[in-house]
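Reading through the C-alpha cells given below for one structure.
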Amino acid sequence: MRRNKVTVIGAGNVGATVAQRIAEAGLADVVLVDIVEGLPQGKGLDLAEAAPVVGHDARVVGTNDYADSAGSDVVVVTSGLARQPGMSRDDLLAKNAGIVRSVVEQAVHHSPNAILVIVTNPLDAMCHVALQASGFPRERVIGMAGVLDSARFRTFIAEELGVSVEDTHAFVLGGHGDTMVPLPRYSTVAGIPITELLPPDRVAALVERTAHGGAEIVALLKTGSAFYAPAAATFEMVDAILRDRKRVLPCAVLLQGEYGVDGLFVGVPVVLGAGGMERVIQIKLSADEQRAFQRSAAAVRELVDKLPA
Ligand code: APR
C-alpha cells in the first residue's frame, strides 16, 4: 500500500512547519513547493536529513515544479504575501488572490482528486478563490481558521482556570478575523460550560483576546505572523482527512443555506474525513449569536465582493 502524499505550497514559516509535522508523524510523504528557487529544495532536504534522527520514513522533497506534486491526496495552500508597509488590506487581498488562483490552478491540474486545505489570508476570501480556480465541489475546499481560533481560546481558558488544555474545549464560529464568534456557552472544561466557571467579565476578556490572537503575535514578532499554532491546526485537519477520522472541527466551508447563509465560506463545525468536508453540523444559535454570525458573514461578503473578477 502506498503512503499518502501531501503537497504543501509555500515553503515559508507555516508551510515548512506543516511539512515538518506531517513528515515527523509519518502521516504522508510531503512535497514542498515554492516560487523561490532553492528555498523548498533546501528546506525539503533539511527535513529529509532529520528523518533518521526523528525516526520516520516519510519522504520530503522540495521543488519549484508542480509536476512533482502529481497525485497528491491533500494540497495545503500557504503561499502568499504578508502585508508590507504601505500596502492596504485591499492590495493584499488582490495580490494573494492572484497567488492563490495561480497555485491552485497548477496544483489541481496534477492532482485532480485532491482535497484542498487553504491557509493563506485573508482566509475566507482565499477559499472562494480556491473553489473557483479548482472547480472542485465544496466538500474538497476547506479553510483552516476555526481550529486555530479555538486553540487560542482553549489556551486562554486553560491558563485562566489553571487546568489542562486537554480537558478544555472551545467553540468558535464565523469568519477568521475580528468578527469571529466565540461561543462561551458551548466552550467547556470537562463538559462544564465556562460560563459556569468564570464571571462574565473574564469570559468577555478571553473572547476579546481570542478575536485578536493573530494580531497579538504579530505585535510581538514584528517581522512576521504566527506559524507554530497555525501549522499545528493545519496538521490536525490533514490528519483527520487522511486517516478518515470523522473529527468534528470548526472549518471554513462554503455554506449553502446552513446557518442562514448561502454561497459564502464561513467557519462552522463540520465532520472531516476521507471525503473532505463530509457534513456541516448545525446548532441552534441564540438571537444574539445569530446576529454576531450574520455580522461575521457580512464581513466575509464585503471582502469577497472586492475580489478581482
Ligand atoms: N507560488 C508559490 N509560493 C509562493 C508564491 C507563489 N506564487 N508567492 C509567494 N510564495 C511563497 C513565498 O516565497 C514564501 O516562501 O509563500 C511563502 C509564504 O511564507 P511566509 O512569508 O513565511 O508566510 P507564512 O508565515 O508562512 O504565512 C503564509 O499563511 O497564516 C497565513 O497569513 C498567513 O497568508 C499567510 C500564509
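The values are calculated or read from the model by the stated rules, or taken from the named source; none is laboratory data. Everything numeric here is computed off the predicted structure, so don't read it as measured data. Heads up, the Cβs are rebuilt from the backbone with ideal geometry, glycines too, and the neighbour counts pull from every protein chain shown.
Brief remarks follow.
- Single condition Thr63 does not satisfy, out of (1) touching a Gly at 6+ places or on another chain (Cβ under 9 Å); (2) within 16 Å of the ligand (Cβ to nearest atom); (3) closer than 25 Å to Gly174 by Cβ: (3)
- Screening Ile283 against (1) under 21 Å from Leu81 (Cα atoms); (2) loosely packed, with under 13 Cβ neighbours inside 10 Å; (3) among the hydrophobic types (A, V, I, L, M, F, W, C) leaves a single unmet condition, (1).
- Taking residues in the range 219-234 that are at pLDDT 90 or above and assigned to a loop (DSSP other than H, G, I, E, B), and partners anywhere that are near the ligand (Cβ under 10 Å from one of its atoms) and hydroxyl-bearing (Ser, Thr, Tyr), the pairs with Cβ atoms closer than 7 Å and at least 6 places apart or on different chains are Phe227/Thr17.
- Failed condition for Thr210, given (1) surrounded by 16 or more Cβ atoms within 10 Å (Cβ to Cβ); (2) part of a loop (DSSP other than H, G, I, E, B): (2)
- Looking only at the range 72-107, and only at residues there that are closer than 19 Å to Lys5 by Cβ and away from the ligand (no atom under 14 Å from the Cβ), the one that is nearest to the chain's Cα centre (by Cα): Val74
- The residues in the range 1-55 that are assigned to a loop (DSSP other than H, G, I, E, B), touching a Phe, Trp or Tyr at 6+ places or on another chain (Cβ under 9 Å) and within 16 Å of the ligand (Cβ to nearest atom) can be counted, and the count is 1.
- Selection status of Pro230, within 14 Å of the ligand (Cβ to nearest atom), crowded, with 20+ Cβ neighbours inside 10 Å and closer than 18 Å to Arg152 by Cα: yes
- Subset of the range 110-128 that is within 21 Å of Met277 (Cα to Cα) and not hydrophobic (A, V, I, L, M, F, W, C) - its residue that is farthest from the ligand (Cβ to nearest atom): Asn113
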